[in-house]
Amino acid sequence: MSTPSDKTLRLERTKLNPQGPKGRNTTLIIAVVAGAAAALLAFFFLNKPAAPTAAPAPVAAPTLSPIVVASKDIPARTIVTNDMVKIDNVPQSKLTGQESATPNDVLGKVASVPIAAGSPILNNAVMAKDPGIGLAYAFPATYRAMTVALDPVSSVAGFLKPGDHVDVLATFDAGHGQSLTRTVLQDVTLLATGQQAMQSYSAGSGGVLNNGANPVASDGTAPKAQDIPNATMLVSPGDAQKLMLAASKGKLMLTLRPAGDTVKQDIPSVRLSAVSTVPPDYGAMPRPAAPYTPPAPPVPPLPAPTADKSFLAPMPSTITVIRGSDAKSVSVGQ
């Protein structure tokens, strides 16, 4: 038996869902369909191909320039050779303007500062071989520089300049009042005279003059002959020995050769007798020593002589004694 309250509850439920169970099923189906549609929309949205975007502008590659770098450590005051350099490409934006573009720009030059391996060889890090950095850089290998004293007046009156070619003459004392002059060396290159040095020497070209410029004294005047008391010459090691012996045993003189004359001649020596009519001073010559003669064997002594009485006259028996004016005979006993 239902109560009034149960009726009231059923009435309210009928108001809320007038279709009953059938209406609830319809609502559920609609919800499922709506969810499926939402899922499909979400699936298609997530898998939709992205709209094409504009490609970024390509970055321009840097422009490279070849430069010379050190392939090994180069100590200061070292002549740069081919095995010390290589070519490397670097961006132009990193160039300073002091880099060398080709190996020929640095080969044969002298490193003024230490250069580390891999570092660019800058133009201001190398310098040309020049006496300003030392005379040892002014001539090629296998040669020697040798300085000898000169007569500042008689050796071409002081007009010798670095780069000139000369012959070296030496006068020796030949003894017995004779002197001898001979040409010791021919076609020798002058590296320096006094304090004046040539700029550089190029093998095969005979040297490069210093533009003919003379050194200037402190008062602005050109040097005089007495300002050039010695000469430094370029010689081979063998010729250096000849020059040393000639300088120590004789008097040296230099004769200037014409420019471009490299011919060497066979010049005989000259003695004083060939150029002077005065005979040598033979009086000063020492007298020759007498030839050696061995002493004669000793002579045995002679026997003592004996008196031969057979040759004696007989003694007289009397003698005459004179006393004043008296004379008388006196008998002598046998």
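The values are calculated or read from the model by the stated rules, or taken from the named source; none is laboratory data. These numbers come from a predicted model, not from an experiment. For neighbour counting, all protein chains shown are included, and Cβ atoms are generated from backbone atoms with ideal geometry for every residue, glycine included.
Hey, can you tell me all the residues within region 263-277 that are surrounded by 10 or more Cβ atoms within 10 Å (Cβ to Cβ) and not small (G, A, S)? First the steps, then the outcome.
To start, the set of residues in region 263-277 that are surrounded by 10 or more Cβ atoms within 10 Å (Cβ to Cβ) comprises 264, 267, 269-274, 276.
Correct list: K264, I267, V270, R271, L272.
Go through (1) among the hydroxyl-bearing types (S, T, Y); (2) within 28 Å of the chain's Cα centre (by Cα); (3) loosely packed, with under 15 Cβ neighbours inside 10 Å for T232 and report which single condition fails.
In the conditions (1) among the hydroxyl-bearing types (S, T, Y); (2) within 28 Å of the chain's Cα centre (by Cα); (3) loosely packed, with under 15 Cβ neighbours inside 10 Å, T232 misses (3) alone.
Take the residues in region 109-136 that are loosely packed, with under 14 Cβ neighbours inside 10 Å and under 12 Å from the mean Cα position of the chain (by Cα); name whichever of them is modelled with the highest pLDDT.
Among them, the one singled out is A136.
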